[in-house]
Amino acid sequence: MEKKDFFTNEEKALFLKKYRELRRTLSEYIDKEDYAKIRKLFTPEITTECFGRDRNGINGLIRNMETALIAANDVGLKRTAVLALILYRTVFKKMIPVEKIGQNFGSDITQIINRLLKTSDLYAHNTAINSENFHHLLFSFAEDVRVILIMIADRLCMMRLGKEIADEKDRVRLATEASYLYAPLSHRLGLYKIKSELEDLSLKYLDPDKYYFIKDKLSETKRSRDAYIEQFITPLKQKLEEAGLYFDIKGRTKSIHSINNKLIKAHVEFEGIYDLFAIRIILDSPREKERSDCWQAFSVITDMYQSNPKRMRDWISVPKSNGYESLHITVLGPEKKWVEVQIRTQRMDEIAEKGLAAHWKYKGGQEEKGLDEFLADVRAVLENQGSTPMDMMKEFKMDLYEDEIYVFTPTGDLIKLGKGATVLDFAFAIHTKIGSKCISGKVNGKNVPIKHILRNGDTIEVVTSPTQSPKRDWLAFAATSKARTKIKQALREEASKSAELAKEQLQRRIKNRKADIDESTMMRYIRKKGYKTVTDFYIDISLGKLDVNTVIDDCIELENREKETPEHVETRSAENYVANIEAKEITTQQDVLVIDKNLTGIDYKLAKCCNPIYGDSIFGFVSTQGIRIHRINCPNAPEMRTRFGYRIIPAEWSGKGTSGYAVTLKIVGNDDIGIVTNITSVISKENKVSLRSLSIDSNDGLFQGSFTINIPDISSLTVLIKKLQGVKGVKNVSRMN
């Protein structure tokens, strides 16, 4: 820290200001001895190595102090977590052994540091969340919720510094990660203020035009909005004071992100949105009078202004799983405008701002039930061993943002489920065994099927059968991540058992018939039948889709045919074709695309799920690894538009399609090696078209080939397909994906 070039004069003043603010904030929790130990550990060499400027010129020590302040002020973390955050990089950079940290500050701090180290790839290098590292991230979350809170604080700090990130690609990746992972996590953990800021900043970096359009509109209408708020609350204040209530009342403009969502969903202009703000009443009430005071305020407001019963939300009688408590009502104010009013106490407001950390304050450091359920869901996802990292992310994130419904067991126990939950979800919420054996239910005394969607206040009785077991079609209507995870797990276990039994049955029948079929022949037969995995093959045997004796006969015939060496063969199988393909390096021309109407030079990649080529109708999708370009008719396009419409951006081709694009053609024809030779000849004669790879399978007198070619544009592809369809013996030519 004493190096002259470590701080500018302005940075030094800023650091000292932040340092003093942190000491004031945590004066009850971190003593002078802790700060003295930190100063002793942070020698000039360690400080420079661990907290030097990054590639964007951001001073690491100031960033560390800013993050610690967010953790303390906005999240509400105390000594252990904040010290772990401050000291983490000294261990990460291997400048101070973790054992030395433990000796000076205690084992609990080293425990958090070790868990942060497990997520270092994602945490330090912003690795994409759909990589294999995501499993380790979830594992750290399930171990210690403080790890999540520290990472949320760090991401918010970096988002606030986003304008200092020089690389547009890094900024987009950071913003995408924040909107896709950390904003939903903040929502689930009750950190609504942080959630809103992360969403607004994400929109600012991912779609600046929309962000600044809404921001400018809000600025233009601020004076009239403030005047209306004053007109609304002035008489209300008088009535609340007359009722003997102590309170603070203010108007709060809704977040830019939420306004943008309204513009998209309602298909209206900015002027068509009536609920740009909400009135918040924060009561100063003792704990024992909180509910009665909130309902008294509710009575005063609804006596003055007509309420809309359809838009009334009571999270005081039954708080959300993340602890959120508040009364939300919408009333018809002056000038016949609908106004949202939120009623809560100071304690409830602090919980709404600081989420779980405030719960620990009010509950003596104990984790509340909602957090336990959340961490249990994370562990359930981790148990789903067959899932890909992206599947895990979808299951984990599925109900983070969902509104909740409250239903009851026949004995009156309250169960919270995500909106859209079914009888089956309720059964799995009670117990996995009950969910697996569920055949129907009784909702409010009426018999209903397991896919019946539940509503607030329903009383449900689950009907089970000992012969029932999870079915694949259950996944079509199971809405909660717990139910889906358990169903997939059961299906995988059942499939594995069935496959093993079918394999034993086949081996036993082969032995009984005294047939000699080696493993390589069986594998070739399975591949010829078109199975992607051996397990799928044996499952079809167990289901009766394949007859065991027929399989054995076909394998024996395949072996005999391969052993035969006929002297005269008029036609050779297409499967024997050996291609002479010269490997060519493929280049990608820069600025072939214009992103979001007028942006060029942005890094992008062509999506592998649909392999777009020059001339295809396309769109851009902001993924965790940057921008991906998809075809309009990509098989994944409907889901992307439905679930992640806010991440889709316009894209169009520019210039000329001089670069090579990989396209795979599926060609079916008569099983003759000569036909394949003619096909490759047609491809080789086309200008700027080359064959990259091919694979051939033959069955029942037909061959099916996958020909991957390098081609400049869509018009060249259309011409080539027409020519290939004209080759004698070719039955069909189609573009794959």
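The values are calculated or read from the model by the stated rules, or taken from the named source; none is laboratory data. The structure presented is a predicted model; accordingly, all values stated were derived computationally and were not measured. Because the Cβ atoms are built from the backbone with ideal geometry, glycine has one as well, and the counts that use them run over all protein chains shown. When the accessible area is computed, the model is the full protein with side chains, heavy atoms only, and any ligands, DNA or RNA have been set aside. Shrake-Rupley method; radii C 1.70, N 1.55, O 1.52, S 1.80 Å.
Some observations on this one:
- Looking at the range 668-737, the accessible area is 49 square angstrom per residue; that uses a 1.4 Å probe and ignores ligands, DNA and RNA.
- Relative packing of 457-470, 161-174, which averages over residues the other C-beta atoms within 10 Å, highest first: 161-174, 457-470
- Using 0.36 nm per residue and subtracting the Cα-Cα separation, the extra length available between ALA243 and ILE273 on full extension is 7.5 nm.
- Were the residues from LYS419 through ARG472 laid out at 0.36 nm apart, the gain over their Cα-Cα distance would be 16.9 nm.
- Förster radius 60 Å - calculated FRET efficiency between SER107 and ALA515, Cβ distance, rounded to 0.05: 0.40
- Using 0.36 nm per residue and subtracting the Cα-Cα separation, the extra length available between GLU49 and MET523 on full extension is 165.0 nm.
- Spin-label model distance (nm) - ASN456 vs ILE38, 7 Å beyond Cα toward Cβ: 4.5
- Listed values for the range 166-183 are Karplus-derived 3J(HN,Hα) couplings in whole Hz (6.51 cos²θ - 1.76 cosθ + 1.60, θ = phi - 60°), namely 6, 7, 4, 4, 5, 5, 5, 5, 4, 5, 5, 4, 5, 6, 8, 10, 7, 5, and x replaces Gly and Pro.
- Spin-label pair VAL719/VAL548, simplified geometry with 7 Å Cα→Cβ offset, distance in nm: 5.8
- Distant-in-sequence amide H partners of ARG692 (H built 1.01 Å from N, under 5 Å): THR708, ILE709, ASN710
- Calculated P(r) of the range 429-502 - Cα pairs past 14 Å, %: 64
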